[in-house]
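Here's the structure we're looking at; comments come further down.
The values are calculated or read from the model by the stated rules, or taken from the named source; none is laboratory data. Note that the coordinates shown come from a computational prediction; the quantities given were computed from them, not determined experimentally. So basically every Cβ, Gly included, is an ideal-geometry build from the backbone, and we count neighbours across all protein chains shown.
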Amino acid sequence: MKYFLNTLLVVATIIFFASCNQNDDDDVSNELTSAEIARGFYQEVIVEKNMTKFNKYIGNTYIQHAPAYADGVTPLKEELQANADSKNKIEILRVVGENDYAALHSLWTVGSEQYIYVDIWRIENGKLVEHWDQDQSPPSEVKNNNTMHAGPDTNINTKKNLTQNKERAIAVLKTFDNLDDLSAVENFVVDDYIQHNPTATDKKSGLIDLLKFLKSINYQSKTIIAKVIAQGDMVVIHSKVEDLDAKENAISGVVDIFRFDDNGMIIEHWDVIQTMTGQSLNNNNPFEYPNK
């Protein structure tokens, strides 16, 4: 009887550890944060081009909002397999995650061309289940000495007032819709503000100069914020921006990334601005989020 019980114990132990190992191979632990899951997927499947890790991060459902891609898991797998077969070089710049969402900022080098991406995912049960993105090629002419991608990753260990930082980032962004009121920029941006948008000069004075120029040409816009994600010292805002004077291609998809100091002041900014043509390979709204 004792021998029989010992045998059962050994078998149970083997089954337990085999089950644990299988879960490690096939699934992402639900204890990982959304940022960790997004970073792991990008690093293993996209940067390292290891397609054997695909099922670790992608399940049976993948809702696609990015206009350049078809809906579903199969088109995603085909797209990533094409990347795995390519000589593309990809660098993860910074990742911001909050609750079930994560935004990942990256630099792609495709041949002689460069592209800046921000991908946003919704995570459910440890899997990436829904996706949005915006991308932009850096222009040849720039007005500051900063690239569109340089700068630090998110400091996830710092303690910030995320609610306040979100409110301040939104207020600065909304200044573009009301060029008569620059108070948010004056109050929430430091003088030595680092600007990565290539169309503006550095420092707070450069941002104010840009806003004054836009006012001088009677620029008018309408910004609809689709999603805000904050973690550590970063706030990411995905928005739909309409140029109210444009005759065509009036809609842009924009992702702004703001970095804050310990005093709740904006010290650095990146963005990706993509003209939206209205054409898409899927039927999903590129600015619609569930559980907004």
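Going by the conditions given, is E141 assigned to a loop (DSSP other than H, G, I, E, B), over 30 Å from L32 (Cβ atoms) and charged (D, E, K, R)? Spell out the reasoning first.
Numbers: assigned to a loop (DSSP other than H, G, I, E, B): yes; over 30 Å from L32 (Cβ atoms): yes; charged (D, E, K, R): yes.
Spelling it out, E141 is indeed assigned to a loop (DSSP other than H, G, I, E, B), over 30 Å from L32 (Cβ atoms) and charged (D, E, K, R).
If you go through segment 161-192 and keep only what is more than 16 Å from M265 (Cα to Cα) and assigned to a loop (DSSP other than H, G, I, E, B), you end up with N178, L179, D180, D181.
When you go through T158, T109 one by one, which is the residue that is of a type in the set (S, T, Y), more than 18 Å from A35 (Cβ to Cβ) and either assigned to a loop (DSSP other than H, G, I, E, B) or assigned by TED's automatic domain parsing to the domain that holds K77 (or both)? Full working, then the answer.
Values: T158 fails: more than 18 Å from A35 (Cβ to Cβ).
Criteria check complete, one pass: T109.
Just need a number here: residues in segment 193-218 that are at pLDDT below 95 and in a helix (DSSP H, G or I). Qualifying residue count, segment 193-218: 0.
Counting just the residues of segment 181-214 that are of a type in the set (D, E, K, R) and surrounded by 15 or more Cβ atoms within 10 Å (Cβ to Cβ), which one comes out farthest from E167 (Cα to Cα)? Ranking the qualifying residues of segment 181-214, first place goes to D202. Of all residues assigned to segment 102-112, none qualifies as being without any contact (Cβ under 8 Å) to a residue 24 or more places away in the chain and in contact with a Leu (Cβ under 9 Å, 6 or more places away or on another chain). Flag set for K240, criterion: touching a Pro at 6+ places or on another chain (Cβ under 9 Å), within 21 Å of E288 (Cα to Cα) and of a type outside the set (G, A, S). When segment 244-286 is filtered for residues that are at pLDDT below 95 and either part of a strand (DSSP E or B) or of a type in the set (K, R) (or both), only K247 remains.
Of the numbered criteria (1) closer than 18 Å to Y115 by Cβ; (2) free of Cβ contacts under 8 Å to residues at least 24 places away in the same chain; (3) assigned to a loop (DSSP other than H, G, I, E, B), the one A82 fails is (3).
Return the pair list, or none, for Cβ contacts closer than 9 Å from residues in segment 254-270 that are outside the structural domain of V236 (by TED's automatic domain parsing) to residues that are among the aromatic types (F, W, Y) and assigned to a strand (DSSP E or B), at least 6 apart or on different chains. From segment 254-270, no pairs qualify.
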